[in-house]
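All remarks here apply to the structure that follows.
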Amino acid sequence: MLKENIKLIRKSKGLSQEELAIKLNVVRQTISKWEQGLSVPDSEMLISISEVLETPVSSLLGENVSESKANDLKSISEKLEIINLQLLQKKNAKRKMIHWMLISLCAIIIIIFISLFLLNSPYFNWDYNNPENAILGVSFHSFEWIFVRIAPIIFIVSIFGIAFTRKKV
């Protein structure tokens, strides 16, 4: 009877053997032995169990205890609340990471634009008879040409992304 009562009350409170063991400062195997009837807790431990499980000692020692559906629903709702909070934290962390990545992207675009403006297309003055200079000049010009056309679009989209991912008050 004691073994079934400990197990039923523990489950109705939504506790695992490990969680109950931590609250009672014993190892999980001790809880398992009690629930299998291989050992019995002493009187002081019975009092501790009754306090942790919020159940009178007489209920632990008495006849079979019926499972409480209200406590099951309560423990399930508490666990769902914890899961929802964890999901919210994960979502906020992801939003924050995307927000800062977009800010970094905007900063990089601005730095590249300033660099290209200050360099003022230096490859125009290069000697293109040298094959290495020709390849490098064409590559640099291609990058500049593509960047100047695509970067503003990426910049504008990033600004909208920053606005959408900012923390809402």
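Observations
- Note on segment 1-52: the C-alpha convex hull projects to 3.0 nm² when averaged across all orientations.
- Whole-Hz couplings from phi, Karplus 6.51/-1.76/1.60, listed for segment 113-125; x for Gly and Pro: 4, 4, 4, 5, 5, 5, 6, 6, 6, x, 5, 5, 8
- The fraction of all Cα pairs in the chain landing in successive 10 Å bins from 0 to the largest distance is 9, 22, 14, 10, 10, 10, 10, 10, 6, 1, 0, given as whole percents.
- Long-range HN-HN contacts of VAL26 with modeled amide H, under 5 Å: none
- Averaging 1/r over each pair of different alpha-carbon atoms in segment 76-169 and inverting the result gives 16.7 Å, the Kirkwood hydrodynamic radius.
- In segment 72-165, taking the dipole from charged Cβ atoms about the Cα centre, the farthest positive-side position among PRO122, ALA107, ILE82 is held by ILE82.
- Sorting the segments 81-90, 108-117, 22-31 by their mean number of nearby beta carbons within 10 angstrom, highest to lowest, gives 22-31, 108-117, 81-90.
- Neighbourhood net charge (14 Å Cβ-Cβ; Lys/Arg +1, Asp/Glu -1) for ILE47: -3
- Per-residue ³J(HN,Hα) for segment 146-160, Karplus 6.51 cos²θ - 1.76 cosθ + 1.60, θ = phi - 60°, Hz, x for Gly and Pro: 5, 4, 5, 8, 9, 4, x, 5, 4, 4, 5, 4, 5, 4, 4
- Hits among lysines - C-alpha to C-alpha of LYS3 under 30 Å, sequence gap 8 or more where chains match: LYS11, LYS13, LYS23, LYS33, LYS69, LYS74, LYS79
Each reported figure results from applying straightforward, stated rules to the coordinates on display, with no laboratory input. Computed from a predicted structure; not experimentally measured. So basically every Cβ, Gly included, is an ideal-geometry build from the backbone, and we count neighbours across all protein chains shown.
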